[in-house]
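Heads up, the thing below is written out as structure tokens.
The values are calculated or read from the model by the stated rules, or taken from the named source; none is laboratory data. Predicted model only: the values in this text are computed from it and were never measured. No Cβ is skipped: glycine too gets one built from the backbone with ideal geometry, and neighbour counts run over all protein chains shown. Remember, those area values only see protein heavy atoms, side chains included, never the ligands or the DNA or RNA. Shrake-Rupley method; radii C 1.70, N 1.55, O 1.52, S 1.80 Å.
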Amino acid sequence: QVQLVESGGGLVQPGGSLRLSCTTSGSIFSISALGWYRQAPGKERELVATITSGGTTNYADSVKGRFTISRDNVKKTVYLQMNSLKPEDTAVYYCNAVARLGPWAKDRGYWGQGTQVTVSS
């Protein structure tokens, strides 16, 4: 019913940049918020950035000033622009959507499959 597909990950040297994209599709009635999370090996999944339906953004302290989250409502896509990348940014990055499938349904969280970001010299 809901599909989230991430793209844009890859290998980059410290100080480099990447832009992640997540395209949503399926029978979605509404989306309350979109976000990016990441999970490094042996660590818990953590919040990177979120953006609400009203455009309000929030960032983890570790990425403030370096990452920017944005959305394109026409393309139904959320982006994460990552600049000044550091080795500690290495993780699988997951797209998340808080959405409902119908007007009488409750909000639920949906996840993409993830895209690998590796920052290494």
- Would you point out which residue out of Y94, Y37 is open to solvent by 30 Å² or more (accessible area, probe 1.4 Å) and touching a residue at least 60 places away in the same chain (Cβ under 8 Å)? Y94
- Message: Looking only at segment 33-51, how many residues end up being farther than 14 Å from W111 by Cα and more than 10 Å from the chain's Cα centre (by Cα)?
- Response: 5
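Among the candidates K43, K86, K76, which residue alone is more than 19 Å from T118 (Cα to Cα) and open to solvent by 60 Å² or more (accessible area, probe 1.4 Å)? Please lay out each step first, then the result.
Working: K43 fails: more than 19 Å from T118 (Cα to Cα); K86 fails: more than 19 Å from T118 (Cα to Cα).
None of the other options fit; the residue is K76.
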- Task: Confirm whether K86 is charged (D, E, K, R), touching a Gly at 6+ places or on another chain (Cβ under 9 Å), over 22 Å from T23 (Cβ atoms) and modelled with pLDDT of 95 or more.
- Result: yes
- Task: Could you check segment 66-120 for strands (runs of 3 or more DSSP E) lying wholly inside it with 3 or more residues that are farther than 19 Å from I51 by Cα?
- Result: 115-119
- Message: Regarding segment 53-64, can at least one residue be identified that is in contact (Cβ under 8 Å) with a residue 24 or more places away in the chain, surrounded by 14 or more Cβ atoms within 10 Å (Cβ to Cβ) and out of contact with any helix residue (DSSP H, G or I) (no Cβ under 8 Å at 6 or more places or on another chain)?
- Response: no
- Task: With the checklist (1) touching a Pro at 6+ places or on another chain (Cβ under 9 Å); (2) loosely packed, with under 13 Cβ neighbours inside 10 Å in hand, flag the one item S30 doesn't pass.
- Result: (2)
